[in-house]
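Worksheet for the structure shown next.
The values are calculated or read from the model by the stated rules, or taken from the named source; none is laboratory data. Model, not experiment: these values are computed from the prediction. Here the Cβ is made from the backbone with ideal geometry for all residues, glycine too, and neighbour counts use every protein chain on show. With ligands, DNA and RNA removed, areas are computed over all heavy atoms of the protein, side chains included. Shrake-Rupley method; radii C 1.70, N 1.55, O 1.52, S 1.80 Å.
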Amino acid sequence: MSAPATSAPAKMAPSRSDFDEKEKEKDVRTSNIVAARAVADAIRTSLGPKGMDKMIISPNNEVLISNDGATILQNLELRHPAAKMLAELAKAQDIEAGDGTTSVCVIAGSLLGAVSQLMGKGIHPSIISEAFNLALNKSLEVLVSMSVPVSLTDRVSLVKSATTSLNSKVVSQYTNLASIAVDAVLSVINPATAINVNLKDIKLIKKLGGTIEDTELVQGLVFDQTASHTAGGPTRIQNAKIGLIQFCLSAPKTYMDNNIVVSDYSKMDKVIKEEPKLILEMCRKIQKSGCNVLLVQKSILRDAVNDLSLHYLAKLKILVIKDIERDDIEFICNTIGCQPVANIDSFTADKLGKADLVEEVGTSDGKIVKITGIPNPGKTVTVLCRGSNKLVLDEAERSLHDALCVIRSLVKKKFLIAGGGAPEIEVSQQVTAYSKTLTGITSYCVRAYAEALEIIPYTLAENAGLHPISIVTELRNKHAQGEINSGINVRKGAITNILQENVVQPLLVSTSALTLATETVVMLLKIDDIATAR
Amino acid sequence: MSNKVLMIDGDRISGNEVRAQNVLAVTAIANIVKTSFGPIGLDKMLIDNIGSIVVTNDGATILQKIDIEHPAAKILVQLSELQDQEVGDGTTTVVILAAELLKRANELVARKVHPTVIISGFRLACTEAIKYINETLAVKVETLPKDFIINIAKTSMSSKTINDDSDFFSKIVIEAISRVKTIDYKGDVKYPINAINILKAHGKSAKESILVEGYALNCTVASEGMPKRIQGAKIAFLDFNLAKTKMKLGQKVVVTNVNDLEAIRDRENDIVKERISLIIKSGANVVLTTKGIDDLCLKYFVEAGCMAVRRCKKEDLKRIAKACGGTVLITLANLEGEESFDTTALGVADEVVQERLADDELIIVKNSNKKLASIILRGANELMLDEMERSIHDSLCIVKRTLESGTVVPGGGAVESALSIYLDNIAATMGSRKQLAISEFAESLLVVPKQLAVNAALDASDLVSKLKAYHHAAQTDPSKKSYAYSGLDLFNNKVRNNLEAGVLEPAIAKIKCIKFATESAITILRIDDKITLNPREQQGGDHEGHGH
């Protein structure tokens, strides 16, 4: 990791003038490369199962501890445009594959290192980018040839790859998350036909308290809020019929200012009694439909429910959950098979959803409502995340999201590949061999590309406290002898057949990481001027 | 690594530097609470920026009150809060233990052991320790003499200001908690601590604190004309105003005739009068409401010989209603669209009485066989009363945990020393670098007996080595198994069997303490990079257009 010759003097908090005033004098490319590599270096230490965490203190003094590349970069508030591109890169990988966000940045950083050396030798950027594209195509071929097809019915393999993804996180000691992720994905798709997963069908709910071991998969719904207690209504209902309303159970208001003028005392009673009458009528209608659990959408214009309506509903033995977010409506409807009702007149029995049990459950951090035993499971699931403190809980949620994404990648592209640096070193060797079939400068650049990929096993070894050079050379040796699945086993601190150790990842994660990293590098290469538009 | 051109608006420190800094901050925190640890620990006086004073011995309270900025130290504060929530006691222990673990881990890092190795060592040690507590050290409560539960309460009080009267207070605590025992629909026995109301009354000595078999409310009857004592009370619980009816917004009364004015006034009064007569007719002779009752309405109650109490706390009302079999009503409306008062909403109590206590008057809902209890604390000054309240709360929590979980362990450093010896033996069987981490973990646990001895002004090295010798014997020589319960006797400067001496803690408290401390230590240990972003500047025209 030698610093480029023309790098600017290192500063901790550079002022903006660093990249807009003097830009003409300096080589724009070098500046971009230095900035982007700094970012890659910054997150390098969090790569792999033995990677460390970063603590980021945001401007408003909130603390974030994470190991996830995309999360770290998103929260860094990077300023240099090239550095921002790297953050975008991590995000792109997050969207495409959901995992390998650190790897993609590390690879990009290493490729940029190779670029700056090549440019130092006077090679034109456009030739480098052409050669890199060639190398990329070859690399993808190698990756595909290494991969092993997997069937979605093979639950064991799926759990293995989810475990690999979780290994690098703080939650790695808990084995249950991997199988939760697999079960969650498998229950919302049809394994025989699915080609993609809508992760919106899997809802993650966070609740403080307990430990991560208490995280559970619920075939049904979990609400963060409690059932309404104001009027002492029921909190546990069996054979629930669930209605979802989007209108308000309170006295109506007109849009214009209005006044009711009472001129006779006998009419006062009438005015006062009108409200209970109106609300009672609505509650009666709800009860008539057979509904015994009522979900009320949040309303900002009026009170969605008031004391009076809660009182009536409690008397009618209807459990009320209020403040349902608008965004959740679709998910709820999909899950319990109900239809949202926007007007009391259309509140009929056919719009109700069903569930065996709606129950309020106590946790150490307040209560939650669980709806279980829904008639046609398989459309949506909810995962209730638990954790002993907020930082761990947030990280558990992010990790679970990564694991879900890994499984989704496998649904998209049903191939597995070995982990532990094995694919990178194999690609590196094959591409080097390929470079020998080429001639001229291209051959030289392709070779540099191949070498740059060794950064992954190198960093893995370094982060695990092993000797990187001896590990990487041994790995090269093994691969040269044809053991294409040899990788770094960080737990044993040695090189073993990584497939047998159950360290596997989806092919999509590796291919997308390589593609995205190469494309970003090529794009950075093609920039030769920065002009600031005011 | 740390000096790269990472273009962000903030500071970044990484590697050993950040670890050292975190450990330093954490150690500083532990040093603050260290001296208040154990039966002979001392108290802290905390004065905040507006001058209000808190005197306490409780780790969680101390850490909450002091304003801590360092993020790693904040994790430790959260840790003590968590222990407070989950267990209720041992908040100081958990902080000291976590800090010691980190300190030793940092030394290992300085000796070139990679943090990840230390982390996996700590994890292993933690799992083994918990297994050992569950399998070997924990004692089922059924095997203990009956007064064990008093000893549990006494142990938790031993470090607090009420230690001198712990016999007295532990009896109150046990009695209070046995009164609120409930069994839920699943058949689980629960002890809802919230059902025990703790009231503080200035004056008299601590020993004159009393347990009331009922629920004490810090309110008085609404009018002097009302009876102060009602036996065979039927209580109505209201959550609405009893006052002259007001029209809602947007409703106007226009009077065209002078005579009408009088009629409208009457009607306003009549509406509420009708409500009150509904309540009185139902047979209620005590009315508790969370809202107000205006003078006019009071008259009706006085005439009917009812006791009415206004401005009660809603939480209190719910508790009483639950225990007396009543319902809190938010409106009188019934399903016919009319108003009525359902007699089933009435709660029943033996007696509702207003009593004078110190300078205050209290309403006490007495109910000999219902699940209510109140503890009225007396004390010479406010600060002491506050601290007494916290101590009683800790005790209640501990007793509850013990009764619910059913296993106890000896206190006085017994568990920590036993674990230390046990883990040291495990470490010796390990061939890898984890050995170092595990033996450091074992060594860290000894901070508990050491600190106990130091706070008692005893020779820590001497006592702890003696203690270790006992535990070593217990684990190697089958005939000396009972030595496994050896702990410190800080008053007589010797080692004794703490199980027999009655120094007990619930096993669950110890297990959670070790678990939480390890988890927090690992969380902090995993951090190798700290990035502090500068606060965002005010958006000035000068900064527009940059960074695109």
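List of remarks:
- When each of B:I280, B:I271 is tested for being assigned to a helix (DSSP H, G or I), more than 14 Å from chain A (Cβ to nearest Cβ) and in contact (Cβ under 8 Å) with a residue 12 or more places away in the chain, the lone residue that passes is B:I280.
- Residue selected from the stretch A:32-73 under the condition in contact (Cβ under 8 Å) with a residue 60 or more places away in the chain and polar (S, T, N, Q), by the criterion most open to solvent (accessible area, probe 1.4 Å): A:T45
- Residue in the stretch B:107-114 that is within 14 Å of chain A (Cβ to nearest Cβ), out of contact with any strand residue (DSSP E or B) (no Cβ under 8 Å at 6 or more places or on another chain), under 30 Å from A:L460 (Cβ atoms) and assigned to a helix (DSSP H, G or I) present: yes
- The stretch B:173-206 - residue that is loosely packed, with under 13 Cβ neighbours inside 10 Å and touching a Lys or Arg at 6+ places or on another chain (Cβ under 9 Å) and, of those, farthest from B:M157 (Cα to Cα): B:Y185
- The criterion of at least 1 residues that are within 14 Å of chain B (Cβ to nearest Cβ), open to solvent by 40 Å² or more (accessible area, probe 1.4 Å) and polar (S, T, N, Q) is met, among strands (runs of 3 or more DSSP E) falling completely within the stretch A:193-287, by A:236-245.
- Residue match in the stretch B:203-224 (condition: within 39 Å of the chain's Cα centre (by Cα) and within 13 Å of chain A (Cβ to nearest Cβ)): no
- Taken across the stretch A:493-505, residues that are open to solvent by less than 10 Å² (accessible area, probe 1.4 Å) and part of a helix (DSSP H, G or I) do not occur at all.
- Residues that are part of a helix (DSSP H, G or I), hydrophobic (A, V, I, L, M, F, W, C) and more than 14 Å from every other protein chain (Cβ to nearest Cβ) were ranked within the stretch A:372-405; the one that is surrounded by the fewest Cβ atoms within 10 Å (Cβ to Cβ) is A:L404.
- Verdict on A:T254 being hydroxyl-bearing (S, T, Y) and at pLDDT below 80: yes
- A count restricted to the stretch B:473-512 and to residues that are small (G, A, S), under 30 Å from B:L82 (Cα atoms) and out of contact with any Asp or Glu (no Cβ under 8 Å at 6 or more places or on another chain) stands at 4.
- When the stretch A:298-313 is filtered for residues that are crowded, with 21+ Cβ neighbours inside 10 Å and not in a loop (DSSP other than H, G, I, E, B), the ones remaining, listed by number, are A:V305, A:L308, A:S309, A:L310, A:H311, A:Y312, A:L313.
- Test: residue in the stretch B:486-495 that is under 18 Å from B:S158 (Cβ atoms), without any contact (Cβ under 8 Å) to a residue 60 or more places away in the chain and touching a Ser or Thr at 6+ places or on another chain (Cβ under 8 Å): yes
- Criterion (among the hydroxyl-bearing types (S, T, Y) and surrounded by 24 or more Cβ atoms within 10 Å (Cβ to Cβ)) met by exactly one of B:S432, B:S444, B:S482: B:S444
- Subset of the stretch A:456-492 [in a loop (DSSP other than H, G, I, E, B) and not β-branched (V, I, T)]: A:A464, A:G465, A:L466, A:H467, A:Q481, A:G482, A:E483, A:N485, A:R491, A:K492
- B:K186 vs. criteria in a strand (DSSP E or B), modelled with pLDDT under 85 and out of contact with any helix residue (DSSP H, G or I) (no Cβ under 7 Å at 6 or more places or on another chain): no
- Taking the criterion of being open to solvent by less than 60 Å² (accessible area, probe 1.4 Å), without any contact (Cβ under 8 Å) to a residue 12 or more places away in the chain and more than 28 Å from the chain's Cα centre (by Cα), the only residue of the stretch A:340-361 that qualifies is A:S346.
- Among the helices (runs of 4 or more DSSP H) confined to the stretch B:15-104, the ones with at least 3 residues that are of a type outside the set (K, R) and open to solvent by 50 Å² or more (accessible area, probe 1.4 Å) are located at B:16-34, B:71-86.
- Check on A:V320, buried (at least 17 other Cβ atoms within 10 Å of the Cβ), of a type in the set (A, V, I, L, M, F, W, C), within 14 Å of chain B (Cβ to nearest Cβ) and under 23 Å from A:V381 (Cα atoms): yes
- Residues of the stretch B:512-548 that are at pLDDT 85 or above, more than 8 Å from chain A (Cβ to nearest Cβ) and open to solvent by 20 Å² or more (accessible area, probe 1.4 Å): B:K512 alone.
- Odd one out for A:R408, checked against (1) in contact with a Lys or Arg (Cβ under 7 Å, 6 or more places away or on another chain); (2) assigned to a helix (DSSP H, G or I): (1)
- Residue match in the stretch B:171-186 (condition: within 14 Å of another protein chain (Cβ to nearest Cβ), hydroxyl-bearing (S, T, Y) and within 21 Å of the chain's Cα centre (by Cα)): yes
- Among the conditions (1) hydrophobic (A, V, I, L, M, F, W, C); (2) touching a Lys or Arg at 6+ places or on another chain (Cβ under 6 Å); (3) closer than 21 Å to A:L208 by Cβ, the only one that A:L352 does not satisfy is (3).
- The one condition in (1) of a type outside the set (A, V, I, L, M, F, W, C); (2) away from every other protein chain (no Cβ under 12 Å); (3) without any contact (Cβ under 8 Å) to a residue 60 or more places away in the chain; (4) over 22 Å from B:E339 (Cα atoms) that B:T289 fails to fulfil: (4)
- The stretch A:413-426, subset over 16 Å from A:R155 (Cα atoms) and outside any strand (DSSP E or B), residue farthest from the other protein chains (Cβ to nearest Cβ): A:E426
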